[in-house]
């Protein structure tokens, strides 16, 4: 750049001239000098012209010319050495030297006039044309080292104007209240003992105490001092001895500082680390213990106010204007200024919370002002507008074409216009290809630079990689491969070299949401080792965590590679060691990133062999410890990877063997008791639910392991904790986990019997809370609200396990089936909209009835005559199955009814009195016996329940169970046989002349179809499916022609019928058949034997029905004879084969 060499005397700077003997590395452009110039004559030679020296140009005037050197100012001893070279310069008086870290240019020096130059080859210039600038101040301040350090202007600003107080203002209310109390105590002491004193020592304390008395000094003792209101209402320290103690501590702190200055040691400064450090929870406890009376004390002394305000600003960052300070009359008023009131909810938040417009179609509530862009987006025109604007190269929102601020370019120095978007893609060029070509040129530049230069360029590349449009070009240009080669794990770079940090930023930003770049990194295999090395350095650790997260997120090959290198070990070492504080309070807190990476690595195949076996326990220890003041979000972040690791059987086994159940129980307890979850947002609530379900899954997996009963015995601490979780005061998720784990623990009869007395009352209470208020027993204590569905389901399944042992059935049945306080019956009705819960409740009922006559008695107990649930609880159970849509519920009800019928006709009891009370008649007072009364009032319910299994073919075992029950009923009593007959026969048709409405006709047809299906099922059991299919057309009711009968007299037909019946009956008696119950397990293991037993039960049922109800079955006589005859032949054949 050409400049005029001569300036007026008062000018500050002009052309930069410098002696050739004192050349400096700071020169940017080499000087151009004449070939025959004498080097030692002047500091800078200007290129000459062909004009003669005698020209009367103003350049030849006697006025001295002044130039500004670009050589940094030299110390005094260097100036003495250069005195010989500077004798010919005319020195001007200079200002006193300023103490500064800035690297300022050299002094202004004057060149000799042309008449005094003795060099004959020198020709003075008459104009500035063709002159070359040497040195100069242009871009002098672009070099960050000229500002005093690599930080550049930021460091100079910080040194020139140090901050008084922390960078970020403290916001925690308890913390602010504690610091305010400390500041007032110190202000009272300063005002009383040091302010206005003529003693120089007191004045020195007053001047320096806040610079040497830090926020942590004497902190806990200061918090114990009590502030009270005096007789005049002004604030004062309650105990004068505390005043003296604070005074002495302040004096001692200042005295130590003065002594340190005299000895030449460093004196601490308040601007560095003077913010008090204690937990927010600790501050909250302190504040609660102080009460509120001390806040009402008045701040009357303005001196106390002034010192307190400045101390509060120093420790908390809150500046209190002097104008407002005067208006704060009490401590409470001062605290109101410091503690920001809760932010008022916006109208959008209130509307969204109340959901007043949720049901309105095509209505959306916006959290901000609706802009024209929003309106265009609503109607779908915005995409078209954007496309047309781009086509015309017009800005979309009006300011995209503007450059960044000029001041930023001036402060930060030279920027790369390309990477900062100041060079746009030429028209007609493919954007991706153009970016790739430009970055290839950058690659050539960075390859030729030094490590320091490469760090600067890679920093610009890392910044550019934030823009997704640059990321693909970074990989295709070869920059990623080059950067990985530069910082290989065994490279020469020192750990603290700036290139390491910029490479981490470059790779982390470059592979974010870009699989091609991740594939390039994964193929080289160099990044994992580099990240592991950087994790050892505290300054690089946050950037290494971010790079690992961006590399692994949603990319399985990267996760597998990082797992193979043992990244999880390095991360666990960080969070479980001394560097945890750096993760929490460092410049870039990285705990969240570490936990996310661990969660990604947890499911990889390499983890069982590469990760620490106690990784889950280490993470849970961190979550439950008091090493940091965790909030709900950070607590869940730590628990999430721990639970993810515990989904692996390898870590589960080690976790159990290491006796860590107490640890996971403590973490689960803290999740719902440690934090206030009453006012959390929707996202946090959803995450809390997800973490809670993950805990339940892990509890289920752990309790299913064979060694769990050993690790968690009923008398152990984990077992007692689980039992305590069932109490009503515990959160629902804890109760659900206890039901789940204890349910798995009660898989044996011994453990179930031992567990029932400890948990029965709590378990019954959980089930009671599920009953709606309108149905719950009035005299049973029930907290407000229902139990969650998940908890109720877990409680019912737990109760099912407890109901299996015969010893537990009476106790549980008395609590759940009591007719006065019916818990299970109310659950049958209230859970109709939750089939899973209804099935669990019905299944529990069936288990309580098996082999327990006392519970059958409870189910059959007559209800009050004015109730709407039927004659007994059994009728209510069948009604619940009728309205159920799910077949499993109907199956369970059928099995329960069959269990009741077997109990009433069990061959082990000679009378039904133990089951049915002789005084019961269920409203059928004319019945000859309780059993007859029972069947009279319940036959419709029982028939419907027993008919259902015969009409399905999916579960043969269920059908076999019902056939055995019906055979037992027909063999044992006339009352039971009548009910069994109704299963196979539809209601009789109305008498001739009586008309039926359409609804009645449809019902009759349905009854006939169901009865026919039951006959076919019985035939299939006796003869097999193929033979039964041949008889399908013979099961017609009311149609004698289908039976093939001939037209003959009534007497002859009866004689023939009686004779055939006698013969067939004799044949059945000769087979000595009796009802036999088929074990379901045996039916699976020995299906052929089960088929034979099922056939014999069917023959018993059919023979007894035909023997007892010959007239009712007259129309089916020949079909029944065929079934009995062929069935008997099969039985004979089976017995012959067995013998």
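Here, each number is a calculation from the coordinates, and none is a lab measurement. None of these values were measured; they are calculated from a predicted model. FYI the Cβ positions are ideal-geometry reconstructions off the backbone, even for glycines, and counts take in every protein chain you see.
Tell me the Rg and the Dmax, in Å, that the Cα atoms of the stretch 297-394 produce.
Cα only, the stretch 297-394: 25.6, 71 Å (Rg, Dmax).
Using a basic spin-label model with each label point 7 Å from the Cα along Cα→Cβ, how many nm lie between residue 578 and residue 332?
It works out to 4.8 nm between the two label points.
Report the extension gain between residue 1009 and residue 1072 in nm, rounded to one decimal, defined as 0.36 nm multiplied by the number of residues separating them, less their alpha carbon distance.
19.4 nm
Percent of Cα-Cα pairs per 5 Å bin, from 0 to the last occupied bin, for the stretch 173-338, please list those.
Here the calculated profile for the stretch 173-338 is 1, 8, 18, 22, 22, 16, 8, 3, 1, 0.
With r defined as the distance between the Cβ atoms of residue 239 and residue 354 and R0 fixed at 56 Å, what FRET efficiency is calculated, to the nearest 0.05?
0.60
With a Förster radius of 51 Å, plug the Cβ-Cβ distance of residue 151 and residue 119 into 1/(1 + (r/R0)^6) and report the FRET value to the nearest 0.05. List each step's numbers first, then the result.
Working: r = 46 Å, r/R0 = 0.90.
Working from the Cβ atoms, E equals 0.65.
Let me know the whole percent of all Cα-Cα pairs from the stretch 348-391 that are separated by more than 11 Å.
72 percent
How high is the relative contact order of the stretch 237-379? Use alpha-carbon pairs under 8 Å, at least six apart in sequence, and give a whole percent.
Computed value for the stretch 237-379: 15 percent relative contact order.
Taking only C-alpha pairs under 8 Å that are 6+ residues apart, what is the relative contact order of the stretch 301-386 in percent? Mind showing how you got there, number by number?
Numbers: 25 pairs, mean separation 12.0, N = 86.
About 14 percent, as a whole number.
Counting alpha carbon pairs within less than 8 Å and at least 6 residues apart, what relative contact order, in whole percent, applies to the stretch 803-950?
Relative contact order of the stretch 803-950: 22 percent.
Considering all projection directions equally, how large on average is the shadow of the alpha-carbon convex hull of the stretch 590-642, in square nanometres?
3.6 nm²
How high is the FRET efficiency from residue 681 to residue 917, r the C-beta distance, R0 56 Å, rounded to 0.05?
0.40
Taking the Cα-to-Cβ direction at residue 496 and at residue 716 and moving 7 Å from each Cα, how far apart do the two end points lie in nm?
5.0 nm
When every alpha-carbon pair in the stretch 621-703 is counted, what percent end up more than 15 Å apart?
Every Cα pair in the stretch 621-703 considered, those over 15 Å come to 56 percent.
Pop a pseudo-label 7 angstrom from the Cα along the beta-carbon direction at both residue 200 and residue 940 and give the gap in nm to one decimal.
In this crude spin-label approximation the distance works out to 11.4 nm.
Ranking 336, 959 by Cβ neighbours within 10 Å, fewest first, what do you get?
Going from sparsest to densest Cβ surroundings: 336, 959.
For a quick protection proxy, order the peptides 651-660, 504-513 by their average other-Cβ count within 10 Å, most packed first.
Peptide ranking by packing, descending: 504-513, 651-660.
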